[in-house]
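The values are calculated or read from the model by the stated rules, or taken from the named source; none is laboratory data. These numbers come from a predicted model, not from an experiment. A quick note on method: Cβ atoms are made from the backbone with ideal geometry, for glycine too, and the neighbour counts reach across all protein chains shown. Note: accessible area is taken over every heavy atom of the protein model, side chains too, but ligands, DNA and RNA are not part of it. Shrake-Rupley method; radii C 1.70, N 1.55, O 1.52, S 1.80 Å.
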Amino acid sequence: MNKVMGTYHVNEKGYYGEFGGAYIPEMLYPNVEELRQNYLKVMAEPSFQEEFHQLLRDYVGRPTPLYYAERLSKKYHTKIYLKREDLCHTGAHKVNNTIGQILMAKRLGKNRIIAETGAGQHGVATATVCALMGIQCVVYMGEIDIKRQAPNVARMKMLGAEVVPATSGSKTLKDATNEAIRDWINNPVDTHYIIGSVVGPHPYPDMVARFQSVISEEIKKQLHEKEGRENPDHVIACVGGGSNAAGAYYHFLDNADVNIIAVEAAGKGVHSGESAATSALGKDGIIHGSRTLLMQTNDGQITEPYSISAGLDYPGVGPMHAHLYKSGRAEFISITDDEAMTSGLGLSQLEGIIPAIETSHAFAVFDHRTFKEDEIVVVNLSGRGDKDLNTYIDYFKL
Ligand SMILES: Cc1ncc(COP(=O)(O)O)c(C=O)c1O
């Protein structure tokens, strides 16, 4: 692979290479501009950092363990560590970002929160921090996702959030995002939109990546303690919009010694017409406020995506990932529904850990490529599989 090393972080204009920016309707400009002007300033305040890290420690349960998976390592003849984001409060990495953004919203004087969700993990994480802070919460969710992630819908309601179905398009994450943007346009003054991934107009991709970067900050420290070195040879994560991946890669982005592997959902096969493999199928385009790689028809209409996993069922990726792909910095691998389900069952029975179906895609990489025996491979275990039990049960006829 021809790796062109430079910086893979955002530039001051909000771009990763040719991707990113803020392509927004005029009505949203004041909201996005207010955030852009304030996010770095607010995040740099010592009182913000103190509150953020105190909540990550005492409420979320960080640092999450870096676990050496002995049986998995033996099976695949390499050294595999799992970064246990599934052990975060609420069961996935999403809460790292929602803690950061609720503190940001409070400092910007907002008293109403909206969010979109696919798998429901971001919706639950948002409803959780809203309950924690006593702030009103509205979550938009595609009608299909409401059905396939029912346990998370119940959790959001229990936490006091209003869940609003999105009934247009494929009735999944993209459509929920459209509804949330519409709400924000109508409620520009009192509302903050907590976007759940490294997508959307600048500064969202950078802000969310910074909140999630605690993942790779901890990996470095923990790997140093366990192996006497900070850098793994490979870091693997699944990519929906790309927030768990951005967090797992963040402190390795500009270090050529660390190979970055991004895993996308191929659904029923990359060329089956039912897929969400953006890097393989996408072309440059604009979705939800940023220029990125996007699955689209020849005349620029967004193609409806498909994946068995609600969290990867999205026709784009965040601009950081579009740049990692285009520049050749990261290796992209597409995994089908069947491969992901099989690897999820495998991890459950080898290590006693039932992963979210999104995360199962990342583990299927071990059946696609080999690693050297003495290499260290870190997999970001982005979430736990409780929300997916019904899908696993139906699939395997358990
Ligand atoms: C457990 C888990 N992993 C991964 C994802 C994909 O999102 P992202 O690519 O932003 O990490 C989701 C989305 O809901 C999720 O719940």
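Among 276-287, 170-181, the peptide with the highest mean count of other Cβ atoms within 10 Å heads the list, and the full ranking is 170-181, 276-287. Packing, taken as the mean count of other beta carbons within 10 Å per residue, orders the peptides 201-210, 218-227, 321-330 from highest to lowest as 201-210, 321-330, 218-227.
Accessible area per residue of segment 91-201 at 1.4 Å probe, in Å²? Computed with neighbouring chains in place, this is 30 Å² per residue. Residue by residue, segment 392-398 carries 3J(HN,Hα) couplings of 4, 4, 4, 5, 9, 6, 6 Hz when phi is fed to the Karplus relation 6.51 cos²θ - 1.76 cosθ + 1.60 (θ = phi - 60°); x denotes Gly or Pro.
Sequence-ordered 3J(HN,Hα) estimates for segment 88-104 from the Karplus curve with 6.51, -1.76 and 1.60 and θ = phi - 60° stand at 4, 3, 6, x, 7, 5, 3, 5, 4, 6, 6, 4, x, 6, 5, 5, 5 Hz, glycine and proline given as x. Here the Karplus curve 6.51 cos²θ - 1.76 cosθ + 1.60, taken at θ = phi - 60°, turns the phi angles of segment 281-296 into couplings of 10, x, 10, 4, x, 10, 9, 6, x, 9, 7, 7, 7, 8, 6, 8 Hz, with x standing for Gly and Pro. Each Lys and Arg contributes +1 and each Asp and Glu -1, all at the Cβ; summed about the Cα centre of the chain, the dipole is approximately 400 debye. Using only side-chain charges placed at the Cβ, +1 for Lys and Arg and -1 for Asp and Glu, the dipole size of segment 270-398 relative to its Cα centre rounds to 400 debye. Note on segment 290-398: with neighbouring protein chains present and a 1.4 Å probe, carbon and sulfur make up 49 percent of its accessible heavy-atom surface. All other residues whose Cβ lies under 13 angstrom from that of residue 239 are scored, Lys and Arg at +1 and Asp and Glu at -1, for a net of -4.
For the chain, 88, 238 have no disulfide-compatible partner, since no other Cys C-beta lies under 4.7 Å from theirs. Of the accessible area of segment 43-187, computed with a 1.4 Å probe over protein heavy atoms only, carbon and sulfur atoms account for 54 percent. Would you mind telling me the antiparallel percentage of the DSSP bridges in the chain, rounded to 5? Antiparallel bridges: around 30 percent, rounded to the nearest 5.
Among the listed pairs 79/397; 41/326; 13/326, those whose Cα-Cα separation exceeds 28 Å are 79/397; 41/326. Entry comment: accessible area of segment 211-289 is 31 Å² per residue, from protein heavy atoms only and a probe of 1.4 Å.
Net charge of the neighbourhood of residue 27, taken over other residues with C-beta under 14 Å away and scored Lys/Arg +1, Asp/Glu -1, is -3.
Using +1 on the beta carbon of Lys and Arg, -1 on that of Asp and Glu, and nothing else charged, what's the dipole of segment 1-97 about the Cα centre, debye to 20? Provide the component values of the computation, followed by the final result.
Details: 13 positive and 12 negative charges, 178 e Å.
The dipole of segment 1-97 has a size of about 860 debye.
Of all DSSP beta bridges confined to segment 1-154, the antiparallel ones make up roughly 45%.
Highest mean packing comes first when the peptides 367-379, 299-311 are listed by Cβ atoms within 10 Å, giving 299-311, 367-379. A straight line joining the Cα centroids of segment 325-391 and segment 80-109 runs 21 Å.
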